[in-house]
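These notes are about the structure you will find just below.
The values are calculated or read from the model by the stated rules, or taken from the named source; none is laboratory data. A quick note: this is a predicted structure, and the numbers were derived from the prediction, not measured. Glycine gets a Cβ as well: all are built from the backbone with ideal geometry, and neighbour counts include every protein chain shown.
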Amino acid sequence: MDSFSNSSSGSSNHLSAQDLKNQLKSQLALEYAQQFLETVRGKCFERCVTKPGSRLSGSESSCISRCVDRYMEATGIISKALFSGQQ
């Protein structure tokens, strides 16, 4: 019953472990992306929308766009610095 104790399926266990690892990485990446977007939306909304209404003004929309772009750029720079330091 315990497939991990069966020595004849050793290679499939390796693939299953790798698949599990890849799935976990994907889930963590998705969670990070969702958290990042939530943080950016909140920060940029606070900064750019001074009078909330039913629609964004042109200047508010532009401000949010620039704000999100800056966060994305900064995150890219930080990620590159962290990953280059690990190698």
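Of the residues in the range 8-15, at least one is part of a helix (DSSP H, G or I), aliphatic (A, V, I, L, M) and at pLDDT below 90. Answer yes if at least one residue in the range 35-42 is surrounded by 11 or more Cβ atoms within 10 Å (Cβ to Cβ), assigned to a helix (DSSP H, G or I), more than 21 Å from the chain's Cα centre (by Cα) and modelled with pLDDT of 90 or more, and no otherwise. For the range 35-42, residues surrounded by 11 or more Cβ atoms within 10 Å (Cβ to Cβ), assigned to a helix (DSSP H, G or I), more than 21 Å from the chain's Cα centre (by Cα) and modelled with pLDDT of 90 or more: absent.
If you go through the range 42-71 and keep only what is without any contact (Cβ under 8 Å) to a residue 12 or more places away in the chain and not hydroxyl-bearing (Ser, Thr, Tyr), you end up with 42, 46, 51, 52, 53, 55, 56, 58, 66, 69, 70. Which numbered condition trips up residue 82, out of (1) surrounded by 10 or more Cβ atoms within 10 Å (Cβ to Cβ); (2) closer than 19 Å to residue 32 by Cα; (3) of a type in the set (A, V, I, L, M, F, W, C)? It is condition (1) that residue 82 fails.
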